[in-house]
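What follows is a short report on a single structure.
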Amino acid sequence: MRLIQQAKHQLNIWALLSTMFIVIILLPSVLVARYFFAEPNDNWFHIKEYLLLDIVSNTVLLMVATGIFTTAIGISLAWIITVYTFPFRNFFKWGLVLPLAIPPFIGAYTYQGILDYTGIIQATLRNNFDVYVEQKYFNIMNMEGTIFIFTMFLYPYMYVITKSFLENQSASIIENARLLGASSFGVFFKVVLPISRAAIIGGVSIIMLEVINDYGVVKYFGIQTFITAIFQTWSGMSDLDSAFKLAGTLMVLVIIILLLEKLVRGRKRYSYSTSKISPIQPKLLKGMKSYLAFGYCLTVFGFAFFIPFIQLLIWATMTYDKVVDKEFLTLIKNSFLVAAIAAVIIVLVGVIIANHTRIYQGLFAKLISKITVLGYSIPGAVIAISVITVFIALDKFLYAIFATFHIDPIIIFRTSIVMLITAYVIRFLAVGYNSIEAGFEKVGNTFTEASRTLGVSTMKTFLQVDVLMVKGAIFGGFILVFVDILKELPLTMLLQPFNFSTLATKAFRYASDEMVNEAASASLLIIFMSSICIFFFHKVLEKESNY
C-alpha cells in the first residue's frame, strides 16, 4: 500500500517515462517466466536428459575459473599501479585497460591463428630451427584455452574497479599498517583485500555475467554453454519453446550469482574515523623490485593487447586490398549507425531515470533504480528471443489492422533495425545509467534546489543546470555504451535485419570460415575505435576525479 501511495504521489512526466522504460527492461524476464513453465516438448526432454548437465558444468567452470584468474591479475595490477611508482607506470595506468577494446572472440581467433600449424610460432620453429612440435601442445581450442582468452580480455573490469576504489582510499590506512610492522604483503592481504571486498565482488560479478553472455569464443572453440545451446535450439531446430526453457534455466543461474554477490558482500561497511582523507601517494620502487613490477605489467599488457594487436596488424596488411571495398564501408556505416543511435537513446533514457530517482527518494524511485541496474544481468540471447517474440506479435497485430482496412502492410518490425536497437537499449541501459547516476550523486541537489527556489521551472532547471553539471558523466556513459555495442556479437547475430552486417558479425563470420587473415581489418577497426573511446573515457575519469 505504501508503494502505491508513493507511486501516486510521484505521478509526473519523469515517473511515467521511467516506469515505461522499466516495463520494457522487465519484458524479457516476464516472457522467459511465462514460457519456462509451459508444457515441454520432446526436444526439451532430450536436452534435459543428455545435454543439460554438460551445459551447466561447462558454464559454471568457465565462470568460476575466469573469476579466480581475473581477480588475481586485476587486483594485483591495481595494487601495483596505485601504491608504487616504477618505469612507464603512467603508460600502464591506462594501457592495462586497453584489452577491453578487443572483443574476446577476436582474441580467440587471433591466438588460434598464432598457435596454429601455419602460425608464426610453429612456422618459425620449423623454418629457422628445424623443430617440429606436435599440434596438441599448441592446441588452444579447449576449456583451458577458453579460460585463458576470457582471463586476458576481461581482467580489465577487475583492474579498473579495484584501482578506482584504491585511489579513493586514505593513505593513512596503509601508513598506519606499515608503522605497526606489517610488510607489503601483510598490508595487501590483511588491510587492502578486506576493505576492497565490495569492489572485488562487484568486479567478479560483472566478469561472470560477461562470460555467461559470450557467444563468439565458446562457439569458435566448440565449448557447449547456455548461449550456444540457445542459438542451436532456436536457429538450428526452430524450437522457440525449448530455447525459452534454456533461457529460463540460465536466468536461474544469473539470479544465483546476484544473490551470492549480496551474500558475500554482507553488511560490512568501512568508514573513516576522520574527515581528513589524503589519497595514496605511490612509493618509488628501486632495483629488482622496480624491474619485477615493470616486467609483470609488461607481460600482462603483451599477452592481453600487444601480441594480438600486432598479429592482426600483420594479417590486415596482407589482406586489406581484398576486404576494404564498398561493402566494408557499408559495414563501418552500419556499425557506427546502430551504436550511435542506441547509445543516444540509452543516454537519454538514463538521464530521465537518474533524474527521477535523484529528485524523488521514495521506495518507488529506489525500485526503479534497482531494476534499471539489473537489466545488464539479462544475457543477450535471452533478450534476443524475447524481443523477437514481442515484435512477431506486434507484426501480427499490425497486419490484422492493415488487413481490416484493406491496406498492404508497409513496415514489418521483425525485419527492421528497430528490433535490433530495442534489444541494445534493454541490454546496455544499465551501463549508461550507472555512469549518469554517479554523476548526479556527485553534484547533489543543492544547485537544483537553488534554481527551483528562484522560480525556475523543473524542466528549465533540468536543461540549464542539471544536464550541464553532469555532462562529463553523460559523455562517459555514451562512450561506454558505444564501445559495448560496437563489440556486441550475440544480439547482432540473432536480430540483425536481412543483408545487414556489422564489423563484429563480419569478423566472426570470416573467422568461422577459417579466413582469419580477412577478419583482421574489421577487427582492427573495432579495436582502434574502442581504444580511442577508452582513452577519452580515461581522460574524463581523470578530469572528474580532479574536479
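Only the coordinates and a few stated rules stand behind these numbers; no lab work does. Predicted, not measured: the structure shown is a model, and the values here were computed from it. Reconstructed Cβ throughout: ideal geometry from the backbone, glycine too, with neighbour counts over all protein chains shown.
Brief remarks follow.
- Neighbour-count order for M469, M63, M208, fewest beta carbons within 10 angstrom listed first: M469, M63, M208
- As a length-normalised measure over Cα pairs under 8 Å and 6 or more apart, the relative contact order of region 40-314 settles at 34 percent.
- Comparing Cα centroids, region 309-350 and region 448-514 end up 16 angstrom apart.
- If you take all other residues with their beta carbon under 13 Å from the beta carbon of M63, and give Lys and Arg +1 and Asp and Glu -1, the sum is -3.
- Within the shell defined by Cβ-Cβ distances under 12 Å, the residues around I255 carry a net charge of 0, with Lys and Arg each +1 and Asp and Glu each -1.
- Long-range amide H partners of K283 with built H, under 5 Å: Y84, T85
- Subset of K93/K326; K93/K487; K262/K442; K163/K471 violating a 28 Å alpha-carbon distance limit: K93/K326
- Computed over the chain, the range of Cα coordinates on each principal axis works out to 81, 68, 49 Å, biggest value leading.
- Principal semi-axes of the equivalent ellipsoid, √(5λ) from the alpha carbon gyration tensor of region 40-314, are 38, 29, 13 Å from largest down.
- Residues T319, T124, T404, T233 in ascending order of nearby Cβ atoms (within 10 Å, fewest first): T404, T124, T319, T233.
- Over the chain: helical MRE at 222 nm, DSSP H runs n ≥ 4 each giving -39500 (n - 2.57), nearest 500: -24000 deg cm²/dmol
- Sequence of K326, K163 once ranked by neighbouring C-beta atoms within 10 Å, starting from the fewest: K326, K163
- Listed peptides 83-89, 282-288 appear in the order 83-89, 282-288 once ranked by packing, highest mean of other Cβ atoms within 10 Å at the front.
- Helix runs (DSSP H) in the chain reaching 20 Å along axis by Cα, Kyte-Doolittle at least 0.0: 13-36, 52-83, 143-167, 197-213, 240-265, 287-301, 307-323, 326-359, 380-404, 417-443, 471-487, 516-545
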